[in-house]
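S.K.: One structure coming up, written as structure tokens, with questions to follow.
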Amino acid sequence: MPQPVPAGQISVIVIGYNDAAHIRSAVRSALGQGPAVREVVAVDDASADGTGAVLDRMAAREPRLRVLHRAVNSGGCGSPRNNGLRQATAPYVMFLDSDDVLPPGAADALLAAARRHAAPVVAGACLRRELPQRRDTRWQRALYLAEAVHDAPELQPRLVRDTLCVNKLYDRAFLTEHGITFPEGPFRYEDFVFTARVLAARPRVAVIPGTVYIWHVRRAAARPSISLDRDRVDGWRARLTAHRLAVDTLERAGQRRLAHAARVKFLNHDLRMYLRELGRRDEDHRLAWWDLAREHLESFGEEDLLAARPPARWSARVIAASGHPRDVERLAGLAVHPPRLLPPYARVDGRPVWAVDLPAVPLDQVDETPLYRLPITVDAVLRVHDRGAARGSGHGRDDGGGNGDRTGPGSAGGSEAAGATGPARSRLRLALRVHEMYGRLAAAGGPAVIDVELRHHDDGRLGQSRNAVLSRADTAAPSWTAEVLLDLDALGTAGRPSAAGPGGTREIWDVRVRIRCAGGGSVYTGVRATGPLPRRGVAAGRHGLLLVHPVEAAGGSLALRVARGPRSALRIAGRALRRGLAERS
């Protein structure tokens, strides 16, 4: 039987600025943790929207809530958290942002693990929830598969990947002993530095698989959160500053293994995340971004590059070797998941290289990498295909069950619901082209069959599967082509009924393919949207109202946004209409 945790052991520090709409829910979730929470210290960072008044009214009814009002806004999250730390009185502290919540039982689970393992730092799983769609993904899932304890952080360097401070419980005496605080003032990505300072002090760290934090992601918010505000170069500069200070902190503490892991994490995660979106930025933004990236990469050694995944390593080398932005679309392709390398495929002295005019950037491991790990490129052209009452043979099989949400450019496409009589169904015709890559596909006998799948963007479940025979294309560059028809009505039965509300649901389905070669071996990857996408959603009605809208994600990946039910379908249609009107004006 689990031992009950003692009461009054935790201070939860909640910070907020101009967030009167959400801070009440955050504070309630902290108070709702039960007796383990001695107090909730809420810090209002000089809000102008009534946030402070909301907190004061709650404090008048709740003796465990203490409110601190800053007279001047700090411009960041570090100073108000430090204010809360100085006022906390319990042996342990947790941090909570005003627009997030703690799930029931989070404090008890973290405290029990801290006592069980005598660990001054305990980390739990964080659920990243996109609102209003309620799409959930696990943050750094691999770190939280099972309960574990690490006597020192250097024994588990992957800990540097979780830079959040909010999904953890800290022994307050440990923080005080080592003088660990957040950067003060308008410092962005303060979590990076705080986490580095904690790890540099070599605590025993316990991890538990249970969810202890729900991170709300509101992309449509009028004031985006720091982690989502990537439209300006200042955000990139701030991220680099925080990363550099975090690495320096680990280096000064003699934690070279952790510093190396932090640099590798930057290549595999941070650089990739920004490269995916670089094609959307204007020329001035790209120039400034590129210069900052090149300067930052100067501090990376060859051992850091070799420890990164090949696509990240190739991208970093292209940036370091080029004085100006180049091949942005190819770099964005390498940054998506799964990655893809767009042609051309150049060789210099028999070696695969990025380009003939950039022979100093080798594409190492291309000739040795197993076929299934190659970043093969598959292009897709999408067209509306309304089959009508005639049955026809279709393509392949139908087994039943995104990458972002930017609607692709293009001319208007058809939109027509299923007819009242006969088995009419709306379909999408998908024309596919598989590109050769340095002769690796031909060496495997050449692509023979392509399986096309619609996979749910969040949980990976199968929505539909088709296959087709590939034919060698009569083009200068080796490639293979095929066509399949996607049955949109099949997606009407692929959703989760439990997720449907009175107004319907909205989901994203990624288009994935498996290329099977005649000589054995296969490659599983996403597809790149090429050519104009249908501007309007395609309606289907055999299983109720369904609106399917093709979208092009950052990095060019093709996905389908599916809306079930009248309210969701009208929302999607209205968004497309407003976008079309804006483009015309």
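S.K.: Among the candidates Ala206, Ala196, Ala173, which residue alone is open to solvent by 20 Å² or more (accessible area, probe 1.4 Å) and small (Gly, Ala, Ser)? Break it down into steps so the answer makes sense when it comes.
M.R.: On the way: Ala206 fails: open to solvent by 20 Å² or more (accessible area, probe 1.4 Å); Ala196 fails: open to solvent by 20 Å² or more (accessible area, probe 1.4 Å).
Matching residue, one of Ala206, Ala196, Ala173: Ala173.
S.K.: Considering each residue of segment 145-165, count those that are closer than 14 Å to Thr195 by Cα, open to solvent by 60 Å² or more (accessible area, probe 1.4 Å) and out of contact with any His (no Cβ under 9 Å at 6 or more places or on another chain), and give that number.
M.R.: 1
S.K.: Being in a loop (DSSP other than H, G, I, E, B) and not hydrophobic (A, V, I, L, M, F, W, C) narrows it down to one residue among Pro35, Pro80; which is it? Show your work before the answer.
M.R.: Values: Pro80 fails: in a loop (DSSP other than H, G, I, E, B).
Result of the check over Pro35, Pro80: Pro35.
S.K.: From the list Ala316, Ala321, pick out the single residue that is among the aliphatic types (A, V, I, L, M), within 20 Å of Leu305 (Cβ to Cβ) and open to solvent by 10 Å² or more (accessible area, probe 1.4 Å). Before you say what the answer is, go through the steps one by one.
M.R.: On the way: Ala316 fails: open to solvent by 10 Å² or more (accessible area, probe 1.4 Å).
Of Ala316, Ala321, the one residue that is among the aliphatic types (A, V, I, L, M), within 20 Å of Leu305 (Cβ to Cβ) and open to solvent by 10 Å² or more (accessible area, probe 1.4 Å) is Ala321.
S.K.: Sticking with this structure for a sec: Tally the residues that are in contact with a strand residue (DSSP E or B) (Cβ under 8 Å, 6 or more places away or on another chain) and either within 17 Å of Val101 (Cβ to Cβ) or open to solvent by 20 Å² or more (accessible area, probe 1.4 Å) (or both), restricting the search to segment 29-39. Quick ask: steps written out before the conclusion?
M.R.: Taking segment 29-39 and keeping what is in contact with a strand residue (DSSP E or B) (Cβ under 8 Å, 6 or more places away or on another chain), we get 29-31, 33, 36-39.
Now restrict to residues that are either within 17 Å of Val101 (Cβ to Cβ) or open to solvent by 20 Å² or more (accessible area, probe 1.4 Å) (or both): 29-31, 33, 36-38.
Residues flagged as in contact with a strand residue (DSSP E or B) (Cβ under 8 Å, 6 or more places away or on another chain) and either within 17 Å of Val101 (Cβ to Cβ) or open to solvent by 20 Å² or more (accessible area, probe 1.4 Å) (or both) within segment 29-39 amount to 7.
S.K.: Please find, within segment 83-98, the residue that is farthest from Ala46 (Cα to Cα) out of those that are part of a strand (DSSP E or B) and not hydrophobic (A, V, I, L, M, F, W, C).
M.R.: Of all residues in segment 83-98, those part of a strand (DSSP E or B) come to 92-97.
Applying the additional criterion that residues be not hydrophobic (A, V, I, L, M, F, W, C) yields 92, 97.
On the way: Tyr92: 26, Asp97: 15 Å.
Checking each candidate, the answer is Tyr92.
S.K.: Right, here's the next one. Can you name the strands (runs of 3 or more DSSP E) wholly within segment 504-585 that have at least 1 residues being surrounded by 16 or more Cβ atoms within 10 Å (Cβ to Cβ) and at pLDDT 85 or above?
M.R.: Counting at least 1 such residues, we get 505-517, 522-526, 546-552, 558-564.
S.K.: Give the residue that is most open to solvent (accessible area, probe 1.4 Å), with candidates limited to residues of segment 339-363 that are part of a loop (DSSP other than H, G, I, E, B) and under 26 Å from Asp282 (Cα atoms).
M.R.: Among those that are part of a loop (DSSP other than H, G, I, E, B) and under 26 Å from Asp282 (Cα atoms), it is Asp357.
S.K.: Is there a residue being in contact with a helix residue (DSSP H, G or I) (Cβ under 9 Å, 6 or more places away or on another chain), over 20 Å from His324 (Cβ atoms) and not acidic (Asp, Glu) anywhere in segment 279-299?
M.R.: Yes, segment 279-299 contains a residue that is in contact with a helix residue (DSSP H, G or I) (Cβ under 9 Å, 6 or more places away or on another chain), over 20 Å from His324 (Cβ atoms) and not acidic (Asp, Glu).
S.K.: Also: Would you check which residues across segment 40-77 are open to solvent by less than 30 Å² (accessible area, probe 1.4 Å) and assigned to a strand (DSSP E or B) and list them?
M.R.: Val40, Val41, Ala42, Val43, Asp44, Leu65
S.K.: Would you point out the residue of segment 324-338, among those that are closer than 20 Å to Val513 by Cα and assigned to a loop (DSSP other than H, G, I, E, B), that is least open to solvent (accessible area, probe 1.4 Å)? Write out each step before concluding.
M.R.: From segment 324-338, those closer than 20 Å to Val513 by Cα are 330, 332-338; that's our starting set.
Narrowing the set further to residues that are assigned to a loop (DSSP other than H, G, I, E, B) leaves 336-338.
Numbers: Val336: 6, His337: 122, Pro338: 26 Å².
Top of the filtered list is Val336.
S.K.: Out of curiosity, is Ala142 among the small types (Gly, Ala, Ser) and surrounded by fewer than 17 Cβ atoms within 10 Å (Cβ to Cβ)?
M.R.: yes
The values are calculated or read from the model by the stated rules, or taken from the named source; none is laboratory data. Predicted model only: the values in this text are computed from it and were never measured. Using ideal geometry, Cβ is built from the backbone for each residue, glycine included, and neighbour counts are taken over all protein chains shown. Remember, those area values only see protein heavy atoms, side chains included, never the ligands or the DNA or RNA. Shrake-Rupley method; radii C 1.70, N 1.55, O 1.52, S 1.80 Å.
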